[in-house]
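Written out below as structure tokens is the structure these notes cover.
The values are calculated or read from the model by the stated rules, or taken from the named source; none is laboratory data. Given the structure is predicted, the values throughout are model-derived calculations rather than measurements. Reconstructed Cβ throughout: ideal geometry from the backbone, glycine too, with neighbour counts over all protein chains shown.
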Amino acid sequence: MRPGLWIKKEGVWLKMKCSFCSQDIEKGTGKMFVQKDGKILYFCSRKCEKNTFKMKRKARNLKWTETYRNEKGKSADKRSV
């Protein structure tokens, strides 16, 4: 387990959310990135990490992110399979 991805508060482990797509990060997975200014970013996958740093994309412009769905009023619950 990487320190910082999970926080123990009052005897309960809390899940962390991806800084890009807002999905929950499972225990034992993900990556924590600390910027020079001290801001901590959590990523669930390499895809989210690349979109943030290499491609400099905004999460609200990509249809597969939770931020986009919330902004457009399209939650994951309403989508048909």
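Listed conditions (1) over 20 Å from residue 16 (Cβ atoms); (2) surrounded by 12 or more Cβ atoms within 10 Å (Cβ to Cβ) are all met by residue 61, apart from (2). Just for region 16-45: of the residues that are of a type in the set (Lys, Arg) and either in contact with a Lys or Arg (Cβ under 7 Å, 6 or more places away or on another chain) or without any contact (Cβ under 8 Å) to a residue 12 or more places away in the chain (or both), which one is surrounded by the most Cβ atoms within 10 Å (Cβ to Cβ)? Of everything passing the filter in region 16-45, 39 is surrounded by the most Cβ atoms within 10 Å (Cβ to Cβ).
When each of 54, 72 is tested for being surrounded by fewer than 12 Cβ atoms within 10 Å (Cβ to Cβ), at pLDDT 85 or above and on the phi < 0 side of the Ramachandran plot, the lone residue that passes is 54.
Residues in region 36-48 that are among the aliphatic types (A, V, I, L, M) and either touching a helix residue (DSSP H, G or I) at 6+ places or on another chain (Cβ under 8 Å) or not in a strand (DSSP E or B) (or both): how many? The qualifying residues number 1. For the criterion of being out of contact with any Asp or Glu (no Cβ under 7 Å at 6 or more places or on another chain), assigned to a strand (DSSP E or B) and either of a type in the set (Val, Ile, Thr) or at pLDDT 85 or above (or both), residue 33 passes.
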